[in-house]
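Here the structure is laid out as structure tokens; the discussion comes afterwards.
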Amino acid sequence: MKFTNNNLPDLGRRKAIRLVGMGAAVGMGALASGSSSLATPNMGNVSLADQVGSFFQDHYKRMSPEEIQEAIERLERKYKSKYQVEVKVGDPKPLPDVLFGYALNISKCQGYRECVKGCTAENNQSKDPNLEYIRVLEMDRGQMNLETADPYYPSTEEVPKPGKFYLPIQCHHCENPPCVKACPVKATWKEPDGIVVIDYNWCIGCRMCANACPYWARKFNWTEPNLPVDTVNTQTGYLSNRPREKGVMEKCTFCAQRSREGRMPACQEACPTGARVFGNLLDPDSEIRYVLENKNVFRLKEELNTEPKFWYYSD
Ligand code: SF4
Ligand code: SF4
């Protein structure tokens with residue numbers, strides 16, 4: 001296909017941006033190696049066919065099941081080359097009649113940050129620099145000031161400290177998510193089960209969503225993620241915990257690779273105090289519904305009309 005100024009816009013903004021880099025990489029790489037396989041610093045040894053296939057890959061929501069399967073197989077080959085392990089990329093779909101919600105009992109939270117560790121182990125985040133989806137805020141008892149709270153209290157200190165309480169914040173999977181509206185290329189959206197996801201292959205890394213999120217939930221890969229081989233979680237999902245790349249935004253997905261298969265999120269599983277309650281808001285017999293109906297719950301920054309599906313309460 002010959003690209004001209006007339007047909008280039010049909011590729012979409014993201015592909016147009018990538019086309020420049022791809023053309024240069026393929027041209028120079030092929031000239032230099034004379035082979036059909038290109039070694040790139042970020043991708044391991046990826047075949048030219050896979051690079052071209054990845055370049056022409058469409059938005060997740062426009063791909064057919066066959067195209068999604070091909071994209072998954074390309075990713076699995078790439079991860080094998082990069083990490084020397086078999087990474088399984090699934091594509092669990094939203095379940096019917098399910099809308100996920102989360103509640104956190106702040107009187108049980110002791111500030112141990114075990115949820116943070118569980119999350120990073122499950123979700124293949126960069127280990128150095130550390131990229132974490134959960135920000136545990138330390139605050140003075142009797143006050144609720146998110147802006148002056150300390151998210152960097154030393155892990156070495158004994159917690160809970162006298163006079164302090166702890167409030168973990170992660171993506172609130174808002175019903176009315178400002179991050180989704182801010183994305184210029186629609187790389188992020190809310191799924192029918194309420195989970196806000198990103199198509200990491202479609203994200204152009206503009207960071208508009210991070211600016212729009214009032215909960216500090218979006219995390220950007222400024223450098224190539226450092227994911228040591230022995231820390232790779234090989235059970236992944238396309239829209240959730242598959243390994244990401246430099247220049248891509250990422251976030252909590254309520255562990256879609258687990259929750260859509262009936263398992264609890266890793267942060268809930270890791271919490272030693274039972275402070276976390278996760279479940280289906282549409283199920284009247286679920287524990288999350290019990291909490292919402294019987295506890296004095298509140299949400300953060302409700303005045304912004306974001307309608308978070310993350311509640312806090314205390315006993
Ligand atoms: S950084 Fe955020 S706003 Fe920009 S393309 Fe990626 S998901 Fe969309
Ligand atoms: S739900 Fe999953 S992705 Fe979200 S903070 Fe908890 S462990 Fe991390």
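Looking at the structure I just gave you, is Asn145 of a type in the set (S, T, N, Q), surrounded by fewer than 18 Cβ atoms within 10 Å (Cβ to Cβ) and modelled with pLDDT of 95 or more?
In short, no.
Any residue that is among the polar types (S, T, N, Q) and modelled with pLDDT under 95 - is there at least one of those in the stretch 14-34?
Taking every residue of the stretch 14-34 in turn, at least one turns out to be among the polar types (S, T, N, Q) and modelled with pLDDT under 95.
Restricting attention to the stretch 249-278, which residues are in a loop (DSSP other than H, G, I, E, B) and either within 7 Å of ligand 2 (Cβ to nearest atom) or in contact with a strand residue (DSSP E or B) (Cβ under 7 Å, 6 or more places away or on another chain) (or both)?
Lys251, Cys252, Thr253, Phe254, Cys255, Met264, Pro265, Ala275, listed by residue number.
Restricting to the stretch 225-254, name every residue that is out of contact with any Gly (no Cβ under 7 Å at 6 or more places or on another chain) and over 20 Å from Glu86 (Cα atoms).
Lys246, Glu250, Lys251, Cys252, Thr253, Phe254
For the stretch 171-198, give me each residue that is in a loop (DSSP other than H, G, I, E, B), among the hydrophobic types (A, V, I, L, M, F, W, C) and under 19 Å from Thr306 (Cβ atoms).
If the condition is that a residue be in a loop (DSSP other than H, G, I, E, B), among the hydrophobic types (A, V, I, L, M, F, W, C) and under 19 Å from Thr306 (Cβ atoms), then Cys171, Cys174, Cys183, Ile195 are the ones that fit.
Can you name the condition, by its number, that Lys161 falls short on among (1) of a type outside the set (S, T, N, Q); (2) under 19 Å from Pro272 (Cβ atoms); (3) within 16 Å of ligand 1 (Cβ to nearest atom)?
With respect to (1) of a type outside the set (S, T, N, Q); (2) under 19 Å from Pro272 (Cβ atoms); (3) within 16 Å of ligand 1 (Cβ to nearest atom), Lys161 is out only on (3).
Return yes or no: is Gly205 away from ligand 1 (no atom under 16 Å from the Cβ) and either surrounded by fewer than 22 Cβ atoms within 10 Å (Cβ to Cβ) or at pLDDT 95 or above (or both)?
no
Do we have any residue at all in the stretch 154-170 that's assigned to a loop (DSSP other than H, G, I, E, B), in the same structural domain as Met264 (by TED's automatic domain parsing), buried (at least 20 other Cβ atoms within 10 Å of the Cβ) and touching a residue at least 60 places away in the same chain (Cβ under 8 Å)?
Within the stretch 154-170, one or more residues are assigned to a loop (DSSP other than H, G, I, E, B), in the same structural domain as Met264 (by TED's automatic domain parsing), buried (at least 20 other Cβ atoms within 10 Å of the Cβ) and touching a residue at least 60 places away in the same chain (Cβ under 8 Å).
Please determine, by comparing only the residues of the stretch 94-141 that are touching a Pro at 6+ places or on another chain (Cβ under 6 Å) and assigned to a loop (DSSP other than H, G, I, E, B), which one is surrounded by the fewest Cβ atoms within 10 Å (Cβ to Cβ).
Gln110
If I ask for residues that are of a type outside the set (A, V, I, L, M, F, W, C) and either under 13 Å from Asp199 (Cβ atoms) or in contact with a Leu (Cβ under 6 Å, 6 or more places away or on another chain) (or both), which ones from the stretch 56-87 would you list?
Listed by number, the residues that qualify are Gln57, Asp58, His59, Tyr60, Lys61, Arg62, Glu67.
I'm checking my understanding of the structure. Among residues of the stretch 62-79 that are free of Cβ contacts under 8 Å to residues at least 24 places away in the same chain and assigned to a helix (DSSP H, G or I), which one is nearest to Glu122 (Cα to Cα)?
My answer is Glu76.
So which of Asn211, Asn201, Asn233, Asn226 ends up being assigned by TED's automatic domain parsing to the domain that holds Gly279 and not in a loop (DSSP other than H, G, I, E, B)?
Asn211
Go through (1) in contact (Cβ under 8 Å) with a residue 60 or more places away in the chain; (2) farther than 14 Å from Glu122 by Cβ one by one and return the number of the condition Ala210 breaks.
Of everything listed in (1) in contact (Cβ under 8 Å) with a residue 60 or more places away in the chain; (2) farther than 14 Å from Glu122 by Cβ, Ala210 misses just condition (1).
The values are calculated or read from the model by the stated rules, or taken from the named source; none is laboratory data. This one's a predicted model, so the numbers in the text were calculated from it and none came from an experiment. When we count neighbours, we look across all protein chains shown, and the Cβ atoms used for this are built from the backbone with ideal geometry, even at glycine.
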